[in-house]
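Let me begin by presenting the structure, written as structure tokens, before commenting on it.
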């Protein structure tokens, strides 16, 4: 699936505003240390605006076309088949990649596989109810020819995350009319005027505790008392 629509949209006036909002959002979302491993799936070309790749030496960009800023480490591969070992990444960023991925749920499973327990995932998607985004390609012939994606509802993304044992911590929306980003802790609050949204979640690992029968806390005392009842002392004649 082509992502040319995304880069073409970023060149429009409203797209530039959205890019500025997403830069600020990603700057605040990257809370891991410089020594931890961060994986970005899908190159943008302007990663240097929200992360210093010379400082984050383990910042890696995975893209099928080798897109991304020059200073970052790059891997050329498919998102639905990550060439990484299980539980080796501390944070994963998905900037508008699921909308153009024909195997988006397989990609989400791969994200869950390579992410460490208590690791963080950040997802950026267009708002499917935004009139400005949905009909942008109708007004611009160049964008119309490049569109080959699928709008994903925010509720669908949250359902996927819950199915994969992720806990959604923050849901954000990018409002171009007011040029601000709004953050919510409740997933059912959303504005139809938002151009895009961001979801931040943490991978949880739940350990099963087996249920065992309750045993006598003092079995020796119980046996001793039983023995005393069964064999009473004889009186001396």
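Readers should treat all values here as calculations from the given coordinates under stated rules, not as data from a laboratory. In this text, all values refer to a predicted model and were calculated from it rather than measured experimentally. Note that we place each Cβ from the backbone using ideal geometry, even for glycine, and neighbour counts take in every protein chain shown.
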For a footprinting-style exposure proxy, rank 53, 34 by other Cβ within 10 Å, fewest first.
34, 53
Taking 0.36 nm per residue of sequence separation and subtracting the Cα-Cα distance, how much length would be gained by fully extending the chain between residue 4 and residue 204, in nm to one decimal?
68.6 nm
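Based on the Cβ-Cβ distance from residue 57 to residue 167, what FRET efficiency comes out when R0 is 22 Å, to the nearest 0.05? The partial results should precede the final answer.
Numbers: r = 29 Å, r/R0 = 1.31.
The computed FRET efficiency comes out at 0.15.
Taking neighbour Cβ counts within 10 Å as the exposure measure, how do 48, 155, 172 sort from fewest upward?
Final ranking by Cβ density, sparse to dense: 155, 48, 172.
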Got the relative contact order for the range 1-77 handy, in percent, Cα pairs under 8 Å and 6 or more residues apart?
24 percent
When N is the residue count of the range 1-55, what does its C-alpha Rg come to as a fraction of 2.2 N^0.38 Å?
1.26
Quick calc: nm separation of the 7 Å Cα→Cβ label points for residue 14 and residue 105 -> 3.1 nm
Efficiency of FRET between residue 66 and residue 32 - r from beta-carbon atoms, R0 25 angstrom, step 0.05
0.55
What is the spin-label model distance, in nm, from residue 211 to residue 155 if the labels are put 7 Å beyond Cα along the C-beta direction?
3.4 nm
Computed E for residue 49/residue 77 - FRET, C-beta separation, R0 35 angstrom, nearest 0.05
0.90
Per-residue Cβ neighbour rank within 10 angstrom, fewest leading, 88, 60:
88, 60
